[in-house]
Amino acid sequence: MKFADLHLHTQFSDGTFTPEELAGHGARLGFAALALTDHDTVEGCARMAAACAAAGIEFIPGAELTAEHDDTELHVLGYFLDTQNQKLLAEIAKFQAVRQNRIREMVARINEQGMPFEADSVFALANCRSPGRPHVARALVKAGLVASLDEAFERFLKKNRPAWVPKAKVSALEGIDLIHQAGGLAVMAHPGLNRTDEVIPALVDAGLDGIECFHTKHSTATSGRYLEIAGKFNLLVTGGSDCHGFSKGRPLIGGVKLPYEHVEKLKQAVAARHASRVTRH
Ligand SMILES: [Zn+2]
Ligand SMILES: [Zn+2]
């Protein structure tokens, strides 16, 4: 039986693995296919593609966009993206600039708490274009200003703590369009984490292609509920571990094994989309 993990992060966002390390774990665990879904970036895809090819693993280029609908934050996964698509790259550059400004704002608020700390120390540690709160937490630990990542979040970075700054988000409907125009499939990530079922019909109307039924934090009952919703709305089914390496405890890769038949259905859907585009032109 062949399996896939379609939700993975590397050092190109807030994961700790390089693409090569991640592909190595995928090979060790016997995965037939992996997708890279770093936050608001496709930068790691070229290296991940090469590493997967070397390991004999099928690779699906992707990204995880931070989005919102009706004031609810949700994440939209894009799969089979054309990572050279100019509009996608231009929009991603905008998201990344906003992320970097958010880091500066968080650091300024930490400074207001009487803590000497510099945004450049976060950027140096993150060493990627999509820095986020975990990087701020790691830089605070490294600077000796807090004892642990948990303390960094509890004292400063959690919602409603002094250095919490809301995330900038693309509208979910724009995110779906952006993924489609880059040749990809748009999938709602970990719906069980966000409790956002009421937004699903609007996303389906906007062209949502699939829903992530299997996820590390979905119970069997939760996965079952989303499989039912996928059936009701005729959505593709995806799943993945959402592994961030060691950034959130132990590596999660291997904990979710999506049967490969779902990858085949994704590939059929993307091929049908491309064929209909060709005939329309
Ligand atoms: Zn997510
Ligand atoms: Zn994720």
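Each reported figure results from applying straightforward, stated rules to the coordinates on display, with no laboratory input. What you see is a predicted model, and the numbers here were worked out from it, not measured in a lab. Here the Cβ is made from the backbone with ideal geometry for all residues, glycine too, and neighbour counts use every protein chain on show.
Charges at C-beta only: +1 for Lys and Arg, -1 for Asp and Glu. How large is the resulting dipole of the chain about its Cα centre, in Debye rounded to 20? Numbers along the way, then the final one.
Values: 31 positive and 33 negative charges, 61 e Å.
In debye, rounded to 20, the chain gives about 300.
Run through the DSSP bridge list for the chain and note the antiparallel percent, rounded to the nearest 5. It would help to have the intermediate numbers written out before the result.
Details: 14 of 31 bridges.
The antiparallel fraction comes to roughly 45 percent.
Given the C-alpha atoms of segment 151-202, compute the convex hull and give its volume per residue in Å³.
Values: hull volume 6.5 nm³, N = 52.
Expressed per residue, the convex hull around the Cα atoms of segment 151-202 is 126 Å³.
By how many degrees, between 0 and 90 and to the nearest 10, does the Cα long axis of helix 172-181 differ from the longest principal axis of the chain?
60 degrees
Given a Förster radius of 22 Å and the C-beta distance between ASP120 and LYS94 as r, what FRET efficiency does 1/(1 + (r/R0)^6) yield to the nearest 0.05?
Values: r = 22 Å, r/R0 = 0.99.
Working from the Cβ atoms, E equals 0.50.
Could you give each residue of segment 202-207 its phi-based ³J(HN,Hα) in whole Hz, using Karplus coefficients 6.51, -1.76, 1.60 with θ = phi - 60°, and x for Gly or Pro?
5, 5, 4, 4, 7, x
Could you tell me which residue out of GLY184, LEU81, ALA4 lies farthest along the dipole of the chain toward its positive end? Charges go on the beta carbon: Lys and Arg +1, Asp and Glu -1, centred on the Cα centre.
So the residue we want is ALA4.
For the residue pair ARG161 and ARG250, what label-to-label distance in nm results when each label sits 7 Å from Cα along the Cα-to-beta-carbon direction?
Going by the 7 Å Cα→Cβ label model, 2.5 nm.
Would you calculate, for the chain, the mean residue ellipticity at 222 nm contributed by helices, counting each DSSP H stretch of 4 or more residues as -39,500 (n - 2.57) and dividing by all residues, to the nearest 500?
-13500 deg cm²/dmol
Can you tell me the orientation of helix 19-28 relative to the chain, as the angle in degrees between its alpha-carbon axis and the longest Cα principal axis, to the nearest 10?
Approximately 60 degrees, to the nearest ten.
In nm, to one decimal, how far is the ASP197 label point from the SER148 one, both placed 7 Å along Cα→Cβ?
3.5 nm
For segment 72-139, give the magnitude of the charge dipole about the Cα centre (Cβ charges: +1 Lys/Arg, -1 Asp/Glu; no others), in debye to the nearest 20. Before the final figure, lay out the partial values.
Details: 9 positive and 7 negative charges, 7 e Å.
Dipole about the Cα centre, nearest 20: 40 debye.
Rounded to whole Hz and in sequence order, give me ³J(HN,Hα) for segment 2-9 from the Karplus expression 6.51 cos²θ - 1.76 cosθ + 1.60, θ = phi - 60°, writing x for Gly and Pro.
9, 10, 9, 10, 9, 8, 9, 10
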